[in-house]
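Heads up, the thing below is written out as structure tokens.
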Amino acid sequence: MRLICPLCGPRDRREFYYSGSEDYLNRPTPDAPAEAWDDMLHLRDNPAGVTRDLWYHETGCGSWLLVTRSTTTHEILATERVADRKGAGA
Amino acid sequence: MRYSGLKVITEGLFGNKGWTRAWRDPAPKAEYDAIIIGGGGHGLSTAYYLAKNHGMTNIAVLEKGYLGSGNIGRNTTIVRANYFIPGNSEFYSHSLKLWEGLELELNYNVMHSQRGQVVLFHSDGQRDLQIRRANAIVNQGDDAEIMTVDQLRAEFPYLDYEQTRFPIYGGMMQRRAGTARHDAVAWGYARGADQRGVDLIQNCEVTGIDVENGVVRGVQTTRGPIRAKKVAMIAAGRSGQVAAMAGMRIPVESHIMQAFVTEGLKPVMDAVISYGMGHFYISQSDKGGLVFGGDIDMYASYAARGNLPMVEHVMEAGMTLMPMIGRAKVLRSWGGIMDMTPDGSPIIDKTPIEGLFIDAGWNYGGFKAVPASGWCMAHLMATGQSHEVARRFRLDRFRTGQLLDEEGTGSQHNLH
Ligand SMILES: Cc1cc2nc3c(=O)[nH]c(=O)nc-3n(C[C@H](O)[C@H](O)[C@H](O)COP(=O)(O)OP(=O)(O)OC[C@H]3O[C@@H](n4cnc5c(N)ncnc54)[C@H](O)[C@@H]3O)c2cc1C
Ligand SMILES: [Zn+2]
């Protein structure tokens, strides 16, 4: 499996650290109830098909990437830097 | 039909014409007292103990493929009870005791072989941890012994003890651990459940779960709707999708895990060995193949095949630990879909929907759990109460913070 880093190009899977589902980007406010935190940290849609998850280009440019890919074929459909997303904060 | 050695001999003498099917192939009824979704090891053992221990025989197991087509037929068959933390340790202890009586119980040869498992350690820190673990295991009445390098050398002369990076300091041996024939475990429970009246329905995929006002009513399947007041979701790697049919999001992410087997060899190793550095464990099957595996591939996946980096890692670890393995040829490799929970421990619980139960999150360790999981899940479904040894396997423990983090690595799906 190769991931396509927007900065570094196609790179071997071993250069990346897999973190988990894009749910991790939906961080609740500090005073949100336990349910909201549980939702972000633990509960998953876990789709068989297209999913979006977070990968860190550990031995490359050090970017956090949001990868759209298939969990049934391992095909990589799209990759973007988390920092480049619309509305991404500083 | 009762199986026995005498039966094998007489059938052999008379052309093996007297064998009958091991279980029926019934059409689904319109309604059952309870439905089990998933005909893997856990679904079948749950059905067996519902019938045997609780007299519930008007039940059905619905399996989308054939019985045993999931992880129950894909694992590396290690059975052990060397868990450490309260919540896990008593459960696996109970399971191993059930294993020890399983063949008599089921009248089925599951080839349970208590050949021992040794977990190696390679540093002072690992040794301290394994000694502590061994003490805890002994204290709860199970067996564990710490082996020195000299003792290990005598039993396992083919390991590389003086490797420069990870010299072997010793190991924790559990003599009662071992292996079993995975398919036979599914078949044995299936036959036992069928004999007690349970309908085992194959090629029957559940496509929907009917819930009205927070109460489960039954399921939709590729063979028509079936009503039931109790429904159990026991779908291992597919648990997330099955739970979604009831509108639930559960703390499970499915990952791929690979395993490998070599060509058949003469007996070379008579115990299960787990490497303490790198991910590698190995045993020899009764057929002679060296069966070995490593860790999950570390990304969410439903493909029943993995990627090459983990293949390379497992081979490297194997060569480091026991260089003789380099002479064997790998025959096959495959993958299975693992239902990973954030803390690496399972779930046996009710759900917020009345009458709907869940048994899931077995990660890569659910084969050894098959007997106790069925025992405890049946207890929960029949009595409405968690069984004593499974009472901490709660669905909501991530929200409440009552984690069962055996490895102490944190609460995230890819860390176990
Ligand atoms: C490579 C590998 C090595 C392993 N090694 C070990 C080991 O050494 N020791 C150990 O203890 N454990 C091990 N495991 C883990 C163990 O195999 C699993 O935890 C366990 O088998 C899971 O439970 P099960 O048997 O019920 O799962 P499965 O056999 O996967 O059963 C689930 C069933 O549900 C069915 N299903 C799914 N969705 C539906 C639906 N919608 N409708 C109807 N049916 C459905 C599936 O077809 C499947 O048959 C290993 C796993 C793998 C993949
Ligand atoms: Zn990069």
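Here are the numbers for the structure shown:
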quantity: Yes/no for B:ALA22 being open to solvent by 20 Å² or more (accessible area, probe 1.4 Å), more than 20 Å from B:ALA369 (Cα to Cα) and modelled with pLDDT of 95 or more; calculated: yes
quantity: Residue, farthest from the other protein chains (Cβ to nearest Cβ), within the stretch B:210-227, restricted to residues that are open to solvent by less than 10 Å² (accessible area, probe 1.4 Å) and closer than 28 Å to A:HIS42 by Cα; calculated: B:GLY218
quantity: Members of the stretch A:25-63 found to be without any contact (Cβ under 8 Å) to a residue 40 or more places away in the chain and aromatic (Phe, Trp, Tyr), listed by number; calculated: A:TRP37
quantity: The one condition in (1) open to solvent by less than 30 Å² (accessible area, probe 1.4 Å); (2) assigned to a helix (DSSP H, G or I) that B:GLN151 fails to fulfil; calculated: (1)
quantity: Residue count for the stretch B:228-250, restricted to those that are within 12 Å of chain A (Cβ to nearest Cβ) and among the hydrophobic types (A, V, I, L, M, F, W, C); calculated: 6
quantity: Residues that are surrounded by 22 or more Cβ atoms within 10 Å (Cβ to Cβ) and in a strand (DSSP E or B), drawn from the stretch B:55-101; calculated: B:ILE59, B:ALA60, B:VAL61, B:LEU62, B:VAL79
quantity: Spans of strands (runs of 3 or more DSSP E) in chain A with at least 3 residues more than 12 Å from chain B (Cβ to nearest Cβ) and either touching an Asp or Glu at 6+ places or on another chain (Cβ under 6 Å) or open to solvent by less than 40 Å² (accessible area, probe 1.4 Å) (or both); calculated: A:64-70
quantity: Candidates B:LEU321, B:LEU290, filtered to the one that is within 23 Å of the chain's Cα centre (by Cα) and away from chain A (no Cβ under 14 Å); calculated: B:LEU290
quantity: Any hit, the stretch B:271-293, residues being more than 16 Å from ligand 2 (Cβ to nearest atom), within 30 Å of B:ILE59 (Cα to Cα) and at pLDDT 95 or above; calculated: no
quantity: Which listed residue is part of a helix (DSSP H, G or I), crowded, with 18+ Cβ neighbours inside 10 Å and within 22 Å of the chain's Cα centre (by Cα), from B:ALA232, B:ALA184, B:ALA259; calculated: B:ALA184
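Quick grid of which residues meet (1) over 18 Å from the mean Cα position of the chain (by Cα); (2) within 21 Å of B:LEU120 (Cα to Cα); (3) open to solvent by 10 Å² or more (accessible area, probe 1.4 Å):
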| position | (1), (2), (3) |
| --- | --- |
| B:HIS255 | no, no, no |
| B:VAL268 | yes, yes, yes |
| B:TYR281 | no, yes, yes |
| B:ILE296 | no, yes, no |
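The values are calculated or read from the model by the stated rules, or taken from the named source; none is laboratory data. Small disclaimer: the values here were computed from a predicted structure and weren't measured. Virtual Cβ from ideal backbone geometry, glycine too; neighbours counted across all protein chains shown. Side chains included, ligands, DNA and RNA excluded: accessible areas come from the protein's heavy atoms. Shrake-Rupley method; radii C 1.70, N 1.55, O 1.52, S 1.80 Å.
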